[in-house]
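The block underneath contains the structure these notes are about, expressed in structure tokens.
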Amino acid sequence: MLRRVLITGCGSGLGAELVRLYLQLGWDVFAAVVSLERIGEMELLKGERNLSVVAMDVCRAGDVERVRDQVEGSGSLDLLILSAGVHEFSPVEIMDFSAAERLMEVNFFGVLRCVQSFVPMLRRQGFGRVLAVSSLSAQIGLPCDGVYAASKAALEKLFESLQVELGHFGVSVCVVAPSGFSSGLLSSPKVPSVDDTSPYFPLVSAMMGRQSAAAEGSLQRVAGEVVNLSVAKAVGFREPVGAGAGDVLRKIYRMSESQRAAAVADWSGTEGW
């Protein structure tokens, strides 16, 4: 029987790479993009027989409900992958408030909106898996990354509750924590307008240099490991994917508070800040 997956955030990056992999496996794929006028990397896949590119801005309830009805009206759903996300760097004090709201709206409320729309379908089926793309930032807040880290931490707590609630109905839940990789999300993050007169200029400069180095991992490896997890018989709640992600998580788990403070300075390149 043909297996079916809905993936959000498919215009570029991890979402687009996941679409390619599931099509290669012969899955029926619903690839969600913000607008059909800007489908990004899906333009190269438009002729694929098992691909349905759908317009679904996770911040718009009407979009999500319309795609939910389309998917439900055409059969069952085996897998829901929530990979849409945005990332913006800024010291907390000077971060534009509307940008902070946007981060939370996409990374947390967008996920919640999709969960509330698609989970009833999975629950009634009595099978399926919900997988959300989190971040190592959910476990430790680096400078200039506070609001993004908060959005991913909130996502993980949401899914921790969801795991228990849906397990009773035969639906499994997992968050994946990728290592850094080059993508539309991380390779060109929005940065605050900070000139050399700002008290935060040295901090932002150090963080941006470290961020560029952190995005050198393999997108293909991360996507491949996500696919493997999605079809595994059983998964843990929080699964690291990509080079070094597991080692980082294990280090964080073993740290005392003083060790965490030292790690934040070391990993962010702000020891002298």
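Give region 1-38 a look and list any residue that's of a type in the set (Val, Ile, Thr), part of a loop (DSSP other than H, G, I, E, B) and either at pLDDT below 95 or within 20 Å of Val130 (Cβ to Cβ) (or both), or say none. Give the steps one after another, and end with the answer.
Here is the first cut: in region 1-38, the ones of a type in the set (Val, Ile, Thr) are 5, 7-8, 19, 29, 33-34.
From the residues that got through so far, the ones that are part of a loop (DSSP other than H, G, I, E, B) too are 8, 34.
The one that is of a type in the set (Val, Ile, Thr), part of a loop (DSSP other than H, G, I, E, B) and either at pLDDT below 95 or within 20 Å of Val130 (Cβ to Cβ) (or both): Thr8.
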Would you check if Leu82 is surrounded by 17 or more Cβ atoms within 10 Å (Cβ to Cβ) and in contact (Cβ under 8 Å) with a residue 60 or more places away in the chain? yes
If a residue counts only when it is modelled with pLDDT of 95 or more and farther than 25 Å from Ser230 by Cβ, which helices (runs of 4 or more DSSP H) contained entirely in region 52-170 have at least 2 such residues? 61-73, 97-104, 146-167
Can you pull out every residue in region 89-102 that is in contact (Cβ under 8 Å) with a residue 24 or more places away in the chain and surrounded by fewer than 21 Cβ atoms within 10 Å (Cβ to Cβ)? Pro91, Val92, Glu93, Ile94, Met95, Asp96, Ala99, Ala100
Restricting attention to region 41-72, which residues are among the small types (Gly, Ala, Ser) and either touching an Asp or Glu at 6+ places or on another chain (Cβ under 8 Å) or without any contact (Cβ under 8 Å) to a residue 40 or more places away in the chain (or both)? Gly47, Ser52, Ala55, Gly62
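Can you tell me which residue is surrounded by the most Cβ atoms within 10 Å (Cβ to Cβ) among those in region 245-264 that are within 25 Å of Ser218 (Cα to Cα) and either of a type in the set (A, V, I, L, M, F, W, C) or at pLDDT below 90 (or both)?
By that ranking, first place goes to Ala245.
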Is there a residue in region 35-57 that is under 20 Å from the mean Cα position of the chain (by Cα), at negative phi and of a type in the set (Ser, Thr, Tyr)? yes
If I ask for residues that are of a type in the set (Val, Ile, Thr) and under 16 Å from the mean Cα position of the chain (by Cα), which ones from region 141-176 would you list? Val147, Val173, Val175, Val176
When (1) at negative phi; (2) in contact (Cβ under 8 Å) with a residue 12 or more places away in the chain are applied to Gly126, the one that fails is (1)
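The values are calculated or read from the model by the stated rules, or taken from the named source; none is laboratory data. None of the values given here were measured: they were computed from a predicted structure. Every residue, glycine among them, receives a Cβ derived from its backbone with ideal geometry; neighbour counts consider all protein chains shown.
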